[in-house]
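Below: one structure, written as structure tokens.
The values are calculated or read from the model by the stated rules, or taken from the named source; none is laboratory data. Nothing here was measured: the structure is a model prediction, and the numbers come from that model. Cβ placement follows ideal geometry from the backbone for every residue including glycine, while neighbour counts extend to all protein chains displayed. Each accessible area value is taken on the protein alone, full model and side chains, heavy atoms only, with ligands, DNA and RNA left out. Shrake-Rupley method; radii C 1.70, N 1.55, O 1.52, S 1.80 Å.
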Amino acid sequence: MGPPAAIEVTSETDTSGVTIPNPLTAPIKSNEIYGRRKRAPKSQWAVAAPADSLNFRHSKYEHRPKSKRWDHYITSEAMIRKGNSLKKAAKYLGRPGIISLGGGLPSSEYFPFEELSLKVPAVGHFSEAETRETGVVITAGKHDLAQDKSTFDIATAFNYGQGTGAAQLLRWITEHTELVHSPPYQDWRCTMSIGSTSALDMALRMLSRPGDMILSEEYTFSAAVETAAPLGVRVAGIPLDAEGLLPDAMDNILSTWDPHVRMARKPHVLYTVPTGQNPTGATQSAQRRKDIYRVCQKHDIYIIEDEPYYFLQMQPYTGPNSPDVPAPASHTEFLQSLVPSLLSMDTDGRVMRLDSFSKVLAPGSRIGWVTASEQIVTTYQKHADVSTQGPAGMSQLILFKLLEDHWGHSGYLDWLIHIRMQYTKRRDVILAACEKYLPRDIVSWKPPMAGMFHWLRFDFRKHPDYPGKSIETIEEEIFLRIIDHGALLMRGSWFYANAEDEHDTLFLRATYAAAPEEKIDEGIRRLGEAVREEFRLGKSDVNGSGKV
């Protein structure tokens with residue numbers, strides 16, 4: 001098998017030749033959203049006001065099918081959880097003239113925060129230098145809601161809230177989801193999370209029980225495996241190719257599943273990262289996603305679609321020294337260039353999509369959201385209300401001021417186009433450095449088309465100590481040799497879906513996300529030195545193409 005990576009293209013995107021629905025035709029255009037909002041009573045924005053994302057959708061969904069029910073998969077733990085009974089009283093707090101002597105909400109009079117000011121990029125001027133010089137200062141006051149200056153303020157955001165998150169930001173998230181994905185069934189909902197890892201933990205507790213196995217790519221996000229393990233849940237790895245997990249392989253695994261051999265009942269949950277997959281960088285094409293969905297329908301598999309890198313889909317890689325591919329000329333062109341999500345294909349309500357601001361705004365915000373059927377979202381909310389509750393109100397207010405009061409949907413799409421181009425530059429830098437410094441007879445790769453990761457395959461059979469040393473030992477020696485040369489990559493074995501399976505490949509994961517461009521080049525140069533030393537190849541010439 002070739003190294004799992006993104007789709008190899010020349011001058012076309014990885015969705016060429018595939019009919020992609022225009023996400024702007026089913027819902028509404030980004031610049032029309034605010035004019036088509038339903039008028040909401042002021043009580044909707046009150047402290048701890050309950051929120052339902054149904055109230056924030058724009059398109060009509062009555063003609064679309066309802067989702068399947070998932071009672072046969074929801075665990076007894078999730079079924080008996082009733083949520084927080086005290087929060088049910090919060091719906092009365094917005095009633096005009098009511099005097100609350102009930103809920104234990106502290107008075108905002110004692111919040112030692114009067115005003116919060118943020119300097120943020122103006123739309124179209126997104127660089128750090130531009131923001132420093134010409135950035136816009138946006139301010140949230142303590143009582144902006146009461147004074148009709150804004151629908152969200154410190155008095156509201158910094159108090160207790162619902163597990164859904166605040167209605168103010170949930171409205172924006174719901175509109176964004178409709179704009180980009182427009183789920184093709186009636187009863188979809190959104191609710192906020194405190195990040196996708198937490199959301200995965202809660203989803204596994206809702207949908208699996210000790211002794212179960214779930215499906216995932218054979219190399220997968222290590223924290224997903226580590227989240228599942230304490231719950232008594234193991235992961236069955238599905239082979240990958242250049243477009244991610246193989247539907248036929250998944251179908252075969254499920255069709256031939258032997259619970260006595262596997263020591264687990266047949267899986268009913270798939271965890272997948274379809275875009276810029278961590279760690280392989282693989283991106284599933286539109287057709288691949290459709291094929292995966294069909295296999296899941298055949299075997300009644302529930303899909304957890306974890307998509308933190310969805311908007312880090314980059315410009316096509318056209319080779320070293322090629323001219324840059326121009327940025328998308330419009331929001332419509334940008335959205336049409338994205339591989340359609342599994343959520344956008346989900347006619348059954350069998351997809352729980354996990355979204356996050358972590359990779360496109362800031363990980364420390366700890367704000368993400370879940371989109372799924374009403375049944376699943378309601379079950380999730382009951383769990384959140386007695387565990388994580390909603391994301392931090394401080395974070396919600398900061399993102400609200402940026403996304404709602406400043407950028408709007410249009411400005412956010414401009415920002416996403418900006419970071420797409422920035423990540424494209426970084427991706428091209430690491431690819432050029434690999435071409436220059438790495439011995440191609442030892443190290444191979446596919447150009448990533450999305451995400452943050454560059455997946456490098458090593459021909460361990462050419463190591464001078466093979467087969468006397470195992471793959472794991474050779475991997476460790478390469479890893480430590482690279483550190484000795486002043487660089488750090490992640491070991492591929494750390495991403496095994498199931499470490500007990502037999503593996504005959506050796507990978508290391510590099511990232512182009514964190515280091516400056518000149519450091520990326522130098523880091524790969526050091527990697528090349530380490531590999532040549534470890535494989536006893538001698539030193540390279542300046543192009544990394546031979547020995548001296």
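Given the condition within 26 Å of L204 (Cα to Cα), modelled with pLDDT of 95 or more and open to solvent by less than 10 Å² (accessible area, probe 1.4 Å), answer yes or no: does some residue in segment 322-340 qualify? For segment 322-340, residues within 26 Å of L204 (Cα to Cα), modelled with pLDDT of 95 or more and open to solvent by less than 10 Å² (accessible area, probe 1.4 Å): absent.
Going through (1) touching a Phe, Trp or Tyr at 6+ places or on another chain (Cβ under 7 Å); (2) over 25 Å from W45 (Cβ atoms) one by one, W407 falls short only on (2). The sole residue among I483, I524, I478 that is out of contact with any helix residue (DSSP H, G or I) (no Cβ under 6 Å at 6 or more places or on another chain) and in a helix (DSSP H, G or I) is I483.
Scanning segment 151-185 for residues that are over 17 Å from M352 (Cβ atoms), in contact with a strand residue (DSSP E or B) (Cβ under 7 Å, 6 or more places away or on another chain) and in a loop (DSSP other than H, G, I, E, B) gives a single hit, D153. Scanning segment 186-222 for residues that are hydrophobic (A, V, I, L, M, F, W, C) and in a loop (DSSP other than H, G, I, E, B), we see that the one that is nearest to F507 (Cα to Cα) is F221. Given (1) modelled with pLDDT of 95 or more; (2) open to solvent by less than 40 Å² (accessible area, probe 1.4 Å), where does E374 come up short, assuming only one miss? Result: E374 fails condition (2) only. Report yes if S365 is open to solvent by less than 10 Å² (accessible area, probe 1.4 Å), farther than 25 Å from N31 by Cα and among the polar types (S, T, N, Q), otherwise no. Spelling it out, it is not the case that S365 is open to solvent by less than 10 Å² (accessible area, probe 1.4 Å), farther than 25 Å from N31 by Cα and among the polar types (S, T, N, Q).
Contact map, segment 321-333: residues that are farther than 27 Å from N31 by Cβ paired with residues that are surrounded by 11 or more Cβ atoms within 10 Å (Cβ to Cβ) and not β-branched (V, I, T), Cβ distance under 8 Å, separation 6+ or inter-chain. Pairs shown: D324/Q315.
Quick check on E477: is it open to solvent by 10 Å² or more (accessible area, probe 1.4 Å) and modelled with pLDDT of 95 or more?
Yes: the conditions hold for E477.
List pairs: first residue in segment 469-480 and on the phi < 0 side of the Ramachandran plot, second residue surrounded by 15 or more Cβ atoms within 10 Å (Cβ to Cβ) and not in a helix (DSSP H, G or I) anywhere in the structure, Cβ distance under 6 angstrom, at least six positions apart or on different chains. Final answer for the pair search is I471/L506; I474/H463; E475/R491; E475/L506; F479/R491.
When segment 409-462 is filtered for residues that are open to solvent by less than 30 Å² (accessible area, probe 1.4 Å), aliphatic (A, V, I, L, M), over 20 Å from F495 (Cβ atoms) and not in a loop (DSSP other than H, G, I, E, B), the ones remaining, listed by number, are L413, L416, I417, I419, L431, A433.
Residues that are exposed (fewer than 15 other Cβ atoms within 10 Å of the Cβ) and on the phi > 0 side of the Ramachandran plot within segment 123-168 comprise G124, D148, listed in sequence order.
Does G390 qualify as being under 27 Å from Y185 (Cα atoms), modelled with pLDDT under 95 and buried (at least 20 other Cβ atoms within 10 Å of the Cβ)? Here the answer is yes, as G390 does meet what is asked. Screening segment 223-263 for residues that are outside any loop (DSSP other than H, G, I, E, B) and among the hydroxyl-bearing types (S, T, Y) and picking the one that is least open to solvent (accessible area, probe 1.4 Å) gives T227. Look at (1) surrounded by fewer than 23 Cβ atoms within 10 Å (Cβ to Cβ); (2) in a loop (DSSP other than H, G, I, E, B) and you find that Q287 fails only one, number (2). Candidates in segment 52-94 are the residues that are in contact with a helix residue (DSSP H, G or I) (Cβ under 7 Å, 6 or more places away or on another chain), among the charged types (D, E, K, R) and outside any helix (DSSP H, G or I); of these, the one that is modelled with the highest pLDDT is R69.
Just to be sure, is M352 closer than 22 Å to D306 by Cβ and open to solvent by 10 Å² or more (accessible area, probe 1.4 Å)?
So M352 fails the test.
The set of residues in segment 490-513 being assigned to a loop (DSSP other than H, G, I, E, B) and in contact with a helix residue (DSSP H, G or I) (Cβ under 6 Å, 6 or more places away or on another chain) consists of L506, Y512. In the set R171, R189, only one residue is closer than 21 Å to V47 by Cα and surrounded by 20 or more Cβ atoms within 10 Å (Cβ to Cβ); that residue is R171.
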